[in-house]
Amino acid sequence: MHALTDNACMQCGSCWAFSTTGAVEGVNQIVTDKLVSLSEQELVDCDTSQDHGCHGGLMDFAFEFIRKNGGLDTEKDYKYTAEEDRCIVAKEHRNVVSIDGYEDVPESDEISLLKVCTALCLACLSAHLAVPHICL
């Protein structure tokens, strides 16, 4: 996850994209032991069927875009510009990190949170068996 000032996402209304990439980057690091900075700009430019670029969006819609797209490109390759632009299709399909799904955890619902954490721990354990230094 990279440094973010309020100004970076507020000048364009893309905080939803930063929240989304931050969540995916965090889970990806837990599971793979690699921190990969993902492209908010790809979400702003390409995730337009339900999200609205610099005019706002929702994390759930963005997660679904990432899942259906097969992943996201890196921040390094598809840099944040704080402006809406046309989707760069070649970069839209350069997927570095992908997700299989996502879970919403209702507020104050400890059972749901435990289920999500358990699933994440199982994924981490599975990765640890393949690559022993992960999740230590």
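A few comments on the model shown:
- Single residue of region 87-121 satisfying the filter (of a type in the set (S, T, N, Q) and surrounded by 11 or more Cβ atoms within 10 Å (Cβ to Cβ)) that is farthest from F63 (Cα to Cα): S112
- Residues in region 59-87 that are out of contact with any helix residue (DSSP H, G or I) (no Cβ under 7 Å at 6 or more places or on another chain) and of a type in the set (V, I, T): 1 in all.
- If the condition is being part of a loop (DSSP other than H, G, I, E, B) and of a type in the set (V, I, T), then region 70-97 contributes T81, I88, V96.
Residues are listed down the side, and each one gets a yes or a no for (1) within 11 Å of the chain's Cα centre (by Cα); (2) in the same structural domain as G56 (by TED's automatic domain parsing):
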residue: L72; (1), (2): yes, yes
residue: K76; (1), (2): no, yes
residue: Y80; (1), (2): no, yes
residue: E83; (1), (2): no, yes
residue: R86; (1), (2): no, yes
residue: A90; (1), (2): no, yes
residue: H93; (1), (2): no, yes
residue: V97; (1), (2): yes, yes
residue: E107; (1), (2): no, no
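- Of the criteria (1) farther than 15 Å from S19 by Cβ; (2) assigned to a loop (DSSP other than H, G, I, E, B); (3) in contact (Cβ under 8 Å) with a residue 40 or more places away in the chain, which one D100 fails: (3)
The values are calculated or read from the model by the stated rules, or taken from the named source; none is laboratory data. For clarity, every value in this text was computed on a predicted model and none was experimentally measured. Heads up, the Cβs are rebuilt from the backbone with ideal geometry, glycines too, and the neighbour counts pull from every protein chain shown.
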